[in-house]
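To start, the structure under review is shown below, and the notes come after it.
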């Protein structure tokens, strides 16, 4: 079973810390007027210059990553709509009255599932290598979801790449033959190039400031 390449960003799977929380997110802020969409599952960074300290969308080649966008943290007041707005993603067209709070999965020990562009991703040859992100132009504003995937052609030992491949998907795909064995369903997931990754260049693990 295979499906078309239709990435949806990074989805939390588990933590590598024993007895650690699996899906804990921390509070950060998007600066008022930030004009780039950020969707659920997008890889994000800490901005620079006028965006210093604020959440920005990841761009290829950025030295450090902050984490994965997990949604807005409650309503904000829109000065054009003249009302409070409660939604999950950031479209980049908001007229917020102030900076907007959001949730970020920033734990460098968290493991995420992500679909790869190209491949196949193979446990025996790819686990332990690093990878770049593709489709970094922002969220699908119709769904609010990320469009990011793992760029398989980038897989290498390069230390500055943002993701570390820690395995292939261990989750069976929905829609497979219900009489099929779990092992065969997991193989079907791997056929769709779903890799397990963690943050390789997390800003929380470097001694240098951002």
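Scan the stretch 139-153 and tell me whether some residue there is surrounded by fewer than 16 Cβ atoms within 10 Å (Cβ to Cβ), touching a helix residue (DSSP H, G or I) at 6+ places or on another chain (Cβ under 7 Å) and modelled with pLDDT under 85. No, there is no match, as no residue in the stretch 139-153 is surrounded by fewer than 16 Cβ atoms within 10 Å (Cβ to Cβ), touching a helix residue (DSSP H, G or I) at 6+ places or on another chain (Cβ under 7 Å) and modelled with pLDDT under 85. Among the conditions (1) in a loop (DSSP other than H, G, I, E, B); (2) closer than 18 Å to residue 44 by Cβ, the only one that residue 119 does not satisfy is (2). Of all residues in the stretch 175-210, those satisfying the criterion of being in a loop (DSSP other than H, G, I, E, B), surrounded by 13 or more Cβ atoms within 10 Å (Cβ to Cβ) and at pLDDT 75 or above are 193, 200, 201, 210. Would a scan of the stretch 61-69 turn up a residue that is modelled with pLDDT of 95 or more, within 13 Å of residue 89 (Cα to Cα) and touching a strand residue (DSSP E or B) at 6+ places or on another chain (Cβ under 8 Å)? The answer is yes; a qualifying residue exists.
Screening the stretch 85-98 for residues that are under 15 Å from residue 32 (Cβ atoms) and touching a strand residue (DSSP E or B) at 6+ places or on another chain (Cβ under 6 Å) and picking the one that is surrounded by the fewest Cβ atoms within 10 Å (Cβ to Cβ) gives 97.
Working carefully through the options 136, 158, find the one that is closer than 23 Å to residue 58 by Cα, at pLDDT 80 or above, outside the structural domain of residue 34 (by TED's automatic domain parsing) and not in a strand (DSSP E or B).
Only one candidate passes the filter, namely 158.
Specify the residue that is farthest from residue 197 (Cα to Cα); the eligible residues are those in the stretch 31-86 that are part of a strand (DSSP E or B) and over 16 Å from the mean Cα position of the chain (by Cα). The residue in question is 83.
The values are calculated or read from the model by the stated rules, or taken from the named source; none is laboratory data. As the structure is a computational prediction, the values presented were derived from the model and not from experiment. Reconstructed Cβ throughout: ideal geometry from the backbone, glycine too, with neighbour counts over all protein chains shown.
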